[in-house]
Amino acid sequence: MPDNKVLFLSKLMLLVIALTGSALMPTAKADGKHDFYFEASRGDVFYKFFYSAGLSGELLKKLMGSDERAQRLNHIYPGDKFKIALDDNHNLKKIVFAPLNANPMLISYSKQKFRFVVVNIQPTQDITHSTITINKSLNYDAKKAGIEAEVIKLMVDNFSWELDFSRDLRKGDNFVLAWDGEKTPCAMIYVGDRKTIALFAYKNSAGQKKYYTSEGKTLNDSFSFPPLKKYTRISSSYQKSRYHPTLKVWRSHLGTDFAAPKGTPVYASAKGVIKHLATLTGYGNVVYLKHGPEYLTVYAHLAGFKKGLRTGDKVSKGQAIGFVGSTGQSTGPHLHYEIRINGVHKDAAKVKLSKQSFVPSGAMASFKEKSNHVLSELGIKLALF
């Protein structure tokens, strides 16, 4: 048996003994003396176990505020195990928390102070990797490197929130995919001349895998609505059919109109890339913003654009991009705002849009440990954007 597996099993046995005093984990609630054992079921919360051991709410409040690692106790799942040990005077001595899918944590309490130790018993995964070197395009070069279509789509879905594949990629740039035995990568890393973007896999309690930066957040953005801070009213909502005020015909209105004074600033509803900035007959002065692989927002009838902006520029959420006006086919100052998903118009007031997600605070220590292990195996030194 390889040395790392022997070490892993030894640590695991030591933890079980620390939890139980024997090589078996009891399922009973208490041992009849001063040690209480718990195994979480669906819907359980840590404070229920804490109170069952006869401990006070005041002490619980002190525990939760003593160290950010205590927040792991707010994220427990079926099968997670606890030992709460008391001294002869029934005062708290230690808590051992052994989650199923993360490193265990020992919390000792002495002289009115809590001390935390996270025990690393996770076995080291053998990491392999694939490298895609850009010569023509991501899709072409990834297929040439033998990467399956499902993984290429994962790369596009995630990296397109930060990379404009038609403008940002340079010949010789690399994408590194790290594998730990699963069908999809455990990490995806873009290494270019100007920046490095690293994403690491994390599975939530439901087994859903998403990719997060080393800071524990996804690259996709959450959308804000409406794209103005001030407006008078919604002068026209999303409608399949309405009487057009200037064309004098019945036709669909596939956006939301916000009446506002001329010159009112208009803001990007999420980070993205300016795909089109132009003056058109119907929309007047208009900005099209591309967000990730599937979203497009449209800002029409503007009086003008924010100075310095041009097609291809990247904008951040909440950045001013123009000003309310009445250009094009318009009867008065307003913003016409649209959302399109994969080219299909949606009602901006009702549609469910992308939301940024985060690794739970209680899982961050384990997530960072695994991410650092992957990086050390790959030998990549990050210069994160």
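The values are calculated or read from the model by the stated rules, or taken from the named source; none is laboratory data. Small disclaimer: the values here were computed from a predicted structure and weren't measured. Here Cβ is always computed from backbone atoms with ideal geometry, including for glycine, and neighbour counts include all displayed protein chains.
Below are the figures for this structure:
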| read-out | value |
| --- | --- |
| Residue count, the stretch 87-108 (criterion: outside any loop (DSSP other than H, G, I, E, B) and among the charged types (D, E, K, R)) | 2 |
| Considering residues of the stretch 197-209 that are surrounded by fewer than 17 Cβ atoms within 10 Å (Cβ to Cβ) and assigned to a strand (DSSP E or B) only, the residue modelled with the lowest pLDDT | LYS203 |
| Candidate set: the stretch 72-99, residues that are of a type in the set (Phe, Trp, Tyr) and more than 24 Å from the chain's Cα centre (by Cα); chosen: the one surrounded by the most Cβ atoms within 10 Å (Cβ to Cβ) | PHE97 |
| Positions within the stretch 276-292 being of a type outside the set (Phe, Trp, Tyr) and crowded, with 16+ Cβ neighbours inside 10 Å, in sequence order | LEU277, GLY284, ASN285, VAL286, VAL287, LEU289, LYS290, HIS291, GLY292 |
| Residue within the stretch 58-65 that is within 35 Å of the chain's Cα centre (by Cα) and either in a loop (DSSP other than H, G, I, E, B) or at pLDDT below 90 (or both) present | yes |
| Number of the exception - GLY263 against (1) in the same structural domain as SER326 (by TED's automatic domain parsing); (2) on the phi < 0 side of the Ramachandran plot | (2) |
| Boolean, THR131 is polar (S, T, N, Q) and exposed (fewer than 14 other Cβ atoms within 10 Å of the Cβ) | yes |
| Checking LYS317 against (1) part of a loop (DSSP other than H, G, I, E, B); (2) at pLDDT below 95, the condition it does not meet | (2) |
| Long-range neighbours under 7 Å by Cβ, at least six apart or interchain, first residue modelled with pLDDT of 85 or more within the stretch 105-133, second surrounded by 15 or more Cβ atoms within 10 Å (Cβ to Cβ) and among the hydroxyl-bearing types (Ser, Thr, Tyr) | PHE114/SER66; ARG115/SER108 |
| Hits in the stretch 211-233 - residues which are assigned to a strand (DSSP E or B) and surrounded by 14 or more Cβ atoms within 10 Å (Cβ to Cβ) | TYR211, TYR212 |
| Any pair with Cβ under 6 angstrom, 6 or more apart, that starts in the stretch 137-158 at a residue that is at positive phi and ends at one that is of a type outside the set (Gly, Ala, Ser) | none |
